[in-house]
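A short worksheet on the structure shown next.
We did not get these values from a lab; they are worked out from the coordinates using the rules stated. What you see is a predicted model; the values in this text were computed from it and never measured. Glycine gets a Cβ as well: all are built from the backbone with ideal geometry, and neighbour counts include every protein chain shown.
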Amino acid sequence: MHNAEFVLEYANLSAIRQQVEDWIGRYSDKRLSGFVLITSEIITNLLKHSSPKATLCRIEMSVDATGSILRIYDNGGCFENFEAINNTAKTEFSEVQVSGMGLGLSNALVDDFSYLPAIKQPGHTEFNCYQFEMTASQQRTIAVIDDDVSILVLLEAYLEEQYRVLTFESGQLAIDGLAGKRVDLVISDLNMPELDGLQLRAALQGYLGNIPFIFLTGENSERLHRVAIDDVLHKPITKQNLKQSIERVLIRHASLQESIGQQLSPAIVNQLTPRIKYQPSGYQILLASRAAKSGGGDFVFQKDQSLGSLLLLSDVMGHDQQAKFFVHAYQGFLHGMCHGLSECSNPQTLLYALSEGLRSDDLLASSLLTAVSVYCANDGNISIAAAGHPAPKVLVDDQWINSTASGPLLGFSEKPEYEVYQSPKGAPVLCFTDGLIENLSENEQQEFLVLLSASISQPNPSLSRAMDYYDNKAGVPAGDDMTLMVILSQENVSE
């Protein structure tokens, strides 16, 4: 069990986030990075919206074989109407923009999310509690729907040792209960009153996507021959047949998803790979990128200006073809936005534009991303702003220190505030996506930074030694995408 207590004030926001980052750096589960985003959003909104104002917060995190739990306690006023607002946020992401509490984000990143006001917590009468739960990453979630309770009990008994099982006695209960949940497969009775299996599949795919389905039936139905389905099992169901069907469908679904990504034109995929297209005046930028499997959602955007250069490093949540699609969408959005942009020296500009895009554009609003924006002025000054992104580091006296650049996740506030960090003049700046802290242990991260310092101090600065170490420790391909960007002032580059 990890725990820490903080005075709740804006000055401590970076320290709170860093504490959670330090905890998750000790584990290999890449999903835990979601706890960092959730912590940033909840703490930010407690600072802004709690009434009476919260003055203290306590954060606890536990990880074991069954899963992970994050609890955020605060001593402010209770979140009134939480259940009603949270239920709406599960299905209407725009509600998050209204409430400002990040509920849609929280539901999207975890398997279960609950809230206990202080008056309902024995022994914790002074603190409210937000609780976020993730099941173990290797355990898939299966939803089972049947109006026969005895069938539900039987199937749950068959599957509970290997899978996380969610059971529902009707199609409508499944629609309500699965909103905002992570589900890998659905097993549904075909013939149910009010809402049958095919109608249920159509409804669930509206917000769960092309999720695989296995139907259960007690009769030979002609309509199944005219419908594209994953599998059908005839009752009575045996444990062996059920497990074989599940394994077969999940393998086929994963193979299909991968093949779709492989069909993307190599030329297009190459264009979406993070890259530095030009070197800003007075600087040398080194960049290295590693993608999980067939690619991911990291990207770099640049805008050259007469007095300096704007750069953006962003991480779109997700992998493969879906992440690539959103990278393409964001690149187009930023190019269009910057086309008529006059000279700009504020790193927040790109973050404000992206945040508004997520709020106002239906397509962009269906994704999540973090970002760090950097302005490299021709006079050697570097300013940094970040939105839900790991804090960039600067090299001072041979030590990598965290910057204080921070801000809320993009798209969740009408008027977001991003704290700008002014880097010490001439100090190397390191920006990275969260794959670095997800794929390396805390000790490995420290060794990586030592190698990085040595690599960039050579007459011909390079990332090769550090990246060789990263590949050896993280594996190829690693569990998550990682992009690394080092900004060197020319005065620090040896001739």
**Item:** Net charge contributed by nearby residues that have their C-beta within less than 15 Å of Ser406 (K/R +1, D/E -1)
**Value:** -3
**Asked** If the chain between Glu356 and Asp379 were fully stretched, how many nm would it gain, using 0.36 nm times the residue separation less the Cα-Cα distance?
**Response** 5.2 nm
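Based on the Cβ-Cβ distance of Leu56 and Arg252, what FRET efficiency does E = 1/(1 + (r/R0)^6) give at R0 = 51 Å, to the nearest 0.05?
For R0 = 51 Å, the calculated efficiency reads 0.50.
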**Item:** Val450-Leu287 FRET efficiency (beta carbon distance; Förster radius 30 Å; 0.05 resolution)
**Value:** 0.90
**Fill in**
Quick calc: nm separation of the 7 Å Cα→Cβ label points for Thr273 and Met1 -> 4.8 nm
**Prompt:** Using only the Cα atoms of segment 127-179, what do you get for the radius of gyration and for Dmax, in Å?
**Reply:** 13.3, 42
**Message:** Taking the number of other C-beta atoms within 10 Å as the exposure measure, put Leu351, Leu185, Leu173 in order starting with the fewest.
**Reply:** Leu173, Leu185, Leu351
**Request:** First select every other residue whose beta carbon is under 14 angstrom from the beta carbon of Asn346; then total the charges, Lys and Arg +1, Asp and Glu -1.
**Result:** -2
**Prompt:** What size of dipole, in debye to the nearest 20, comes out for segment 141-262 about its Cα centre when the only charges are +1 on Lys and Arg C-beta atoms and -1 on Asp and Glu C-beta atoms?
**Reply:** 420 debye
**Estimated FRET transfer efficiency (Ser306, Gln422; beta-carbon r; R0 22 Å; 0.05)** = 0.55
**Asked** What residue among Ser51, Leu32, Thr66 has its Cα farthest toward the positive end of the dipole of segment 17-70, where the charges are +1 on Lys, Arg and -1 on Asp, Glu, each on the Cβ?
**Response** Ser51
**Complete:** The extension gain from Asp112 to Gln399, computed as 0.36 nm times the residue separation minus the Cα-Cα distance, is 99.4 nm
**Prompt:** What length, rounded to one decimal in nm, is gained on full extension from Asp471 through to Asp196, with 0.36 nm per residue of separation minus their alpha-carbon distance?
**Reply:** 94.1 nm
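If you average the sequence gap of Cα pairs under 8 Å that are 6 or more apart and divide by the length of segment 141-262, what percent do you get for the contact order?
Reported relative contact order: 21 percent.
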